[in-house]
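Report on one structure; see the data block that follows.
The values are calculated or read from the model by the stated rules, or taken from the named source; none is laboratory data. Note that the structure is a prediction, hence the values are computed from the model and not measured. Cβ placement follows ideal geometry from the backbone for every residue including glycine, while neighbour counts extend to all protein chains displayed.
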Amino acid sequence: MCFVPRAILVWHSRPRLCELFWFVSGHVFSPREARTEPGFINSQLQILLTIRVHYKLFMKILLRLLLLTFLVSSFIPAFAAERVQCGSVKSRFMTGSVGYCAMLPPSYDTQTAKKFPVLYFLHGLGGDQSFLVSTGGWQIIEDMWEQKKLGEFVIITPEADTSFYINSKDGRVHYDDFFIRDFIPQMEKKFRLTGTRAGRAIGGVSMGGYGALRFAFKYPQMFASVAGHMPALLEQLPNGAGNAGFNAFFGSAFGRPVDEAFWKANTPFVYARSKNLAGLKIYADCGASDDYGFDAGTRQLDKLLTQRHVPHIINIYPGQHDWQFVAQHLPAALQFQAKALGLK
C-alpha cells in the first residue's frame, strides 16, 4: 500500500484513460481492490472515487491550466506594489548626464490614467540619487504606504554632488537653472505628474534641506510645500571659514577658497526675507546637538519667519546630524507634505 499527500493520477496501460484516486488517511485503492476488499463500504475510507477522463478532454484541461498560470504570472507586475525607477537626463545647463531615482507609489502601475503629485527630495553631501534606498528611507516610505498612513505621491531624487543646488560661483555648474528649467519639466513629461504648484512639493536633508528651502523660498509660485531636515543653515560663516578647510567639506560651489559674500547672497535667508511666501507650507527640524551647528541657523529661520508672520512649523528635537535623526522625523514630514498636496 502506498501513501500520497492528496490525490494521484495513475496512467493505465490503455493510453487514453487515466484514473484519479481520492483517499482517506493516506490509503489508496484501485477500483478492483475497492470491489473485492471486505467491508470496503464501511471501512475507514468511506469514499473511493474513480474518475475516468477521456485523454483529449484531460489534455484540454491541462493546457487551459497551463495557460491560466502563464497569464497570471504575466499580470503580476500590473499588481506590483511600489517600485523604484532610476535613470539619467541631459541638460544644456550641465556638462554631463545627471542621475535620478523615482519612487513610484503602489497604484502608479495599476491606475494608468491617473496623474500623481510629486515630492522632489534632495540628498545631502556624500549622498546621491539613491540615498533614500541606501539609507533605509525607502523602507520607511514603503511601510507607510502599505499601512495606509501616507497618501500616494511620486518621490524623485536628483543627483547633485556637492553643488548645494545653486549656480556655482565659478560658473561651471548651473544647478539652480538645471533643476528649475530642465529637470522638473523633464520629470513631468516622463512620469504621470500633475504638473501644478498644488501637486508639487520639495524637501531634503542637510545640503538637500538647504537646497529645498532655497528653491521653495526663491520660487514659491512653484511649490505647495517644503520640508527640510537638519538644513545646512548658516547665514554667516564662522570667522576664518575660508581658511579652515571649509572647501574640503562643503565643496567648491561657493568658490575656492569660499567667498563669504557669495555664500551669504545665496542662503535661503535672502529669499525668506524678500519673497512673498503666502500659501507655501513650511516645515523644518534639526537636532539640538547638531554636529555642524545648523540648529542655530534653524532657530534663526524660525525667528525670521515669525517676525514676517509667515505660518510655519520648525522644531528643534534632541539629536545630532545623522540619519537616525532623519529616520525618526521623516514620517511626520512626509505626512506634512502629503497634507499640503491635498492627500491624507
Within segment 246-269, the residues that are under 18 Å from ARG299 (Cβ atoms) and either touching a Ser or Thr at 6+ places or on another chain (Cβ under 6 Å) or polar (S, T, N, Q) (or both) are THR267
Filter result for the condition that a residue is surrounded by 16 or more Cβ atoms within 10 Å (Cβ to Cβ) and either touching a Lys or Arg at 6+ places or on another chain (Cβ under 7 Å) or acidic (Asp, Glu) (or both), over ASP182, ASP143, ASP170, ASP109:
ASP182
Out of LEU125, LEU132, which single residue is part of a loop (DSSP other than H, G, I, E, B) and in contact with a helix residue (DSSP H, G or I) (Cβ under 9 Å, 6 or more places away or on another chain)?
LEU125
Please specify each residue of segment 295-320 satisfying the condition of being under 29 Å from the mean Cα position of the chain (by Cα) and hydrophobic (A, V, I, L, M, F, W, C).
LEU301, ILE313, ILE314, ILE316
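Conditions tested, residue by residue: (1) farther than 17 Å from GLY211 by Cα; (2) surrounded by fewer than 16 Cβ atoms within 10 Å (Cβ to Cβ); (3) touching a Ser or Thr at 6+ places or on another chain (Cβ under 8 Å); (4) not assigned by TED's automatic domain parsing to the domain that holds LEU334.
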position	(1), (2), (3), (4)
TYR271	no, no, no, no
ASP285	no, no, yes, no
THR298	no, no, no, no
THR306	yes, yes, no, no
VAL310	yes, no, no, no
Pick out the one residue from SER107, SER163, SER91 that is under 20 Å from PHE217 (Cβ atoms) and either more than 12 Å from the chain's Cα centre (by Cα) or outside any helix (DSSP H, G or I) (or both).
SER163
Qualifying residue in segment 317-329 (condition: closer than 21 Å to PHE269 by Cα and β-branched (Val, Ile, Thr)):
no
Which one is nearest to MET230 (Cα to Cα) among residues in segment 283-294 that are under 27 Å from the mean Cα position of the chain (by Cα) and not small (Gly, Ala, Ser)?
CYS286
Reported set for segment 201-224 where residues are surrounded by fewer than 24 Cβ atoms within 10 Å (Cβ to Cβ) and either at pLDDT below 95 or of a type outside the set (A, V, I, L, M, F, W, C) (or both) is LYS218, TYR219, PRO220, GLN221
Scanning segment 189-238 residue by residue, the ones that are more than 17 Å from LEU301 (Cα to Cα), small (Gly, Ala, Ser) and assigned to a loop (DSSP other than H, G, I, E, B) total 2
Kindly indicate whether any position in segment 323-335 is touching a Pro at 6+ places or on another chain (Cβ under 6 Å) and either of a type in the set (Gly, Ala, Ser) or surrounded by fewer than 17 Cβ atoms within 10 Å (Cβ to Cβ) (or both).
no
